């Protein structure tokens, strides 16, 4: 597997935040509170401008598959999140409990879901539709679900305030991007590498800012290595559960392998690209924001490694099937 510069950048950002936290706070010398807010709006404008209505239309007809993916993302995962939230009280730190619930409440990722589906020889049009739809649904459903947990004592903004902030900061720029496609769509299509770099750069800044805030609050000194091992193990278990469920349901529904691959990768993934900006809004001012984001950061890395291997296996199976008629 290739060395992932994005993951290395996040690791460097976390190390810098642990060593020199005052530099990257929201009101620090870099003014990252304002910088990341502007960056988030710009990135979601680019997302809106890059989304092709034709690609969505091509994948919209597979309603059973869409139902499986969206119910996994916004029903199965939140149920597991609620179970973790209520059963780990007094066992796990509140920041981590909220972090796992937040992970479970997030939408699917777009870029890696589509990329993994493509590597697996899956139905890419369906993957584009589901991942894009999931991101749009998540802008409303994620703050609503977090608001339900907040009502039980997690703290944070009210549901109405959270959704309004998401709409202003994420959905409005996204809609403006869609409206500007006739002017910006061609340029963005020709400069995908640049827009991808901007997208990932904003995420790295959000992670850096969050960990700086948590480091200054003294949060990390209160947790042991065993805690981080526990977070990684639970993140892996969540991913394996989602992969097993989506594969089993796909086969029970009799979906072809190409559709199964799309369901497995879209249904099991969680979006750091959406999760980091939304966390920045929902948990603004919370000194434990770094800890809240920790499960998402580890899940993101684990899902890339596991799903890359799984995509290769799907591709091998697809190639084997196409070779059988030729040999016969």
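The values are calculated or read from the model by the stated rules, or taken from the named source; none is laboratory data. Everything numeric here is computed off the predicted structure, so don't read it as measured data. Glycine gets a Cβ as well: all are built from the backbone with ideal geometry, and neighbour counts include every protein chain shown.
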query = Can you find a residue in the stretch 42-59 that is closer than 21 Å to residue 280 by Cβ and free of Cβ contacts under 8 Å to residues at least 60 places away in the same chain?
reply = no
key: Test for residue 100: is it out of contact with any helix residue (DSSP H, G or I) (no Cβ under 6 Å at 6 or more places or on another chain), over 15 Å from residue 267 (Cα atoms) and modelled with pLDDT of 85 or more   = no
query = Is there a residue in the stretch 163-176 that is outside any helix (DSSP H, G or I) and modelled with pLDDT of 80 or more?
reply = no
remark   = When the stretch 241-258 is checked residue by residue, the ones that are free of Cβ contacts under 8 Å to residues at least 12 places away in the same chain and under 22 Å from the mean Cα position of the chain (by Cα) are 244
note = With criteria (1) over 30 Å from residue 191 (Cα atoms); (2) touching a residue at least 12 places away in the same chain (Cβ under 8 Å), residue 106 comes up short on (1)
key: Subset of the stretch 83-96 that is closer than 16 Å to residue 237 by Cα and in contact (Cβ under 8 Å) with a residue 40 or more places away in the chain - its residue that is nearest to the chain's Cα centre (by Cα)   = 96
query = Got a number for residues in the stretch 267-281 being over 11 Å from the mean Cα position of the chain (by Cα) and more than 15 Å from residue 26 (Cα to Cα)?
reply = 1
ask   = Is it the case that the stretch 194-208 has a residue that's modelled with pLDDT of 80 or more and over 19 Å from the mean Cα position of the chain (by Cα)?
value = no
ask   = Quick one: would you say residue 70 is within 23 Å of residue 299 (Cα to Cα) and either at pLDDT 90 or above or surrounded by fewer than 22 Cβ atoms within 10 Å (Cβ to Cβ) (or both)?
value = yes
inquiry  = Being surrounded by 14 or more Cβ atoms within 10 Å (Cβ to Cβ) and part of a helix (DSSP H, G or I) is the filter here; which residues of the stretch 177-188 pass it?
reply    = 177, 178, 181, 184, 185, 188
ask   = With respect to the numbered conditions (1) assigned to a helix (DSSP H, G or I); (2) surrounded by fewer than 21 Cβ atoms within 10 Å (Cβ to Cβ); (3) modelled with pLDDT under 80, which one is the sole condition not fulfilled by residue 114?
value = (2)
inquiry  = Looking at the structure I just gave you, is residue 149 under 15 Å from the mean Cα position of the chain (by Cα), assigned to a helix (DSSP H, G or I) and more than 18 Å from residue 263 (Cβ to Cβ)?
reply    = no
Residue in the stretch 211-254 that is modelled with the lowest pLDDT, counting only those that are buried (at least 17 other Cβ atoms within 10 Å of the Cβ) and not in a helix (DSSP H, G or I) = 219
remark   = Wholly inside the stretch 255-328, helices (runs of 4 or more DSSP H) that include 1 or more residues that are surrounded by fewer than 16 Cβ atoms within 10 Å (Cβ to Cβ), modelled with pLDDT of 85 or more and in contact with a strand residue (DSSP E or B) (Cβ under 9 Å, 6 or more places away or on another chain) are none
